1. Just subtract the alpha-carbon distance of ALA263 and THR313 from 0.36 nm times their residue separation and send over the number in nm, one decimal.
2. Contour minus end-to-end for GLU94 and GLU242, with contour as 0.36 nm per residue of separation and end-to-end as the Cα-Cα distance?
3. If we count every other residue with Cβ under 9 angstrom of VAL216's Cβ, Lys/Arg +1 and Asp/Glu -1, where does the sum land?
4. In whole angstrom, how long is each semi-axis of the equivalent ellipsoid of region 63-199, when you take the square root of 5 times every eigenvalue of its Cα gyration tensor and sort them from largest down?
5. Relative contact order (percent) for the chain, with alpha-carbon contacts under 8 angstrom and 6 or more residues of separation?
6. Using alpha-carbon positions, what is the distance between the centroids of region 87-144 and region 387-414, in Å?
7. What list of ³J(HN,Hα) values in whole Hz, one per residue of region 317-326 in order, does the Karplus curve 6.51 cos²θ - 1.76 cosθ + 1.60 (θ = phi - 60°) give from phi, with Gly and Pro shown as x?
8. Skipping prolines and chain starts, which residues have an amide H placed within reach, meaning under 5 Å, of the one on HIS327, given they are 5 or more residues away or on another chain?
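Read-outs: derived from the displayed coordinates by stated rules, not from any lab. Since we're looking at a predicted model, the values are computed, not measured. Positions of Cβ are generated from backbone atoms using ideal geometry, with glycine treated the same way; all protein chains shown enter the neighbour counts.
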Amino acid sequence: MKQSRYVIAAVLLCAIVFGSCKRILELEPKTGPTSLTFWKNDKDALAGLMGGYALIREALTDENRFFVYGDITANTFRVTYSSDYSIHQIANGELDGVYYGYLENLQNWTLYYKAIAQANLLVQKIPTIPDNAFAIGANKAYYTGEAHFLRAFLYFYISRVWGDVPLILEPVEDLSQAKNIGREKQSVVLAQCIKDVDAAIQLLPETPIQTNDRGVRASRASALALKAHIYAWMKDFPKCEEATRDLVASPGKYGLKFITDSAEYSRIPIGRSMEAIFEININEEQNEGSGPDIYGSFQGIGSKTLYIPYLATRDASTPDQVPWMTHLTTYNNVYWEDGDLRKMLWFEKDTRTSMEKNIMMKKYVNITYRDGDVRKDPRQSNNLLVFRLSDIILLRAEALSKIKKDTEARDLVNKVRTRARLEALDGTTAGDDLYYFIVTERQRELFAEGHAFWDLLRTGFIDDFNGQFEKAMEPGSEFYGKNYWPIPRALFKDNMLMKQTPYWNGRL
């Protein structure tokens, strides 16, 4: 999927709504064509969709937000004052950035609302395109389903980051009609997510229509996975179990396969594997690799975790020369069993005395160089793995454990453990012990895939990995809501209805 060919058209589409959001979310106003000159045929719909995916990619990759929000906060990585000045404070629970600064961009949800503005347009406009304007009739439903999925995914994602967020469902195409709004309760936002995802499930095909779209465009499997995660966050485990049931029982129906071959398994982090349910496309062969930012610095997860021989532009001789080393305590707590295939594939211990026996995570090492053998212009070509089959298998195991179906839950955990060359659990691991084991198995299997913080928060085990967020999810605690990010002062400008994230009110 070459999103870049559609981005220009999509940006023109977004111009319709960016200006309208100025008063609401402090977006930059732009000018562009009106809807009367667009939304005429299937090519317009596809251009808008590709723009939507591109905007999500921008939002999740900006400053490595996907990993910052989902992994740094869970102590997946060792980050120090010297290794990554601004990011080190996040693992310490200092999301306000008051002391060290430089967190205003990460606190700002504007990039996500740009993508939401696009999704709102897609949800409204694609159904209005005449049926006979689609070369393939089924594509109208397919594209509409994608639009609902994108909106559901975006609102679910930002509700986990910021808690209560503004809920905007209608595109405002006339700036004079823009209205200031405040933040909506998370429960209301999540209810809307379920409504959108249910619409997507009805409309999306079970498998991607084009083979090249595997994982990087939404399918019915993507929507079911999203629904399962929403219900898990809501702690509605019977509905989570229901949402995962068919995906896990019949993966082939959705074009998926549980990978057992170790060589094929090692390639999962590149993307588009047979386990891929939904990913963000980052592929240098399609001119979509993560390259330099506006300051000329290489971006992407590899820019934070790698050094020679996996990244030619960094020759590290001390741990602080690598922004994000693997957090040793987390690593030892998670990978405590010998022979774990994942430990062998994804990590490398540096035995040099100067590196203090630290461990480099080499999960995302698909680096190419635009300047060939010169090797000074690296590009990341690893997709962001949002949902994959093993994730849903373990999420189902968690739900089964919660509804007292330990035998079925244990069987699913053992399926993942057997592939990782570990001993299967026997019947003595049950009840609360089994549940905790499933949660930690998710940490092993999905290490640095953006799940850790959310999983540990919703299950109540965050204190085992990062005590800075202890009791953040317990109503009545003085730390309740500390996990939700504050918003920067810029978002309050000219909007008296906007309120600071409760925990951070008066602290920022």
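1. 15.3 nm
2. Answer, rounded to one decimal: 49.5 nm.
3. Summing Lys and Arg as +1 and Asp and Glu as -1 gives +1.
4. For region 63-199, the semi-axes come out at 35, 17, 14 Å.
5. Relative contact order, the chain: 18 percent.
6. Cα centres, region 87-144 to region 387-414: 30 Å.
7. Whole-Hz 3J(HN,Hα) from phi for region 317-326: 10, 9, x, 6, 7, 10, x, 10, 7, 5.
8. PHE77, ARG78
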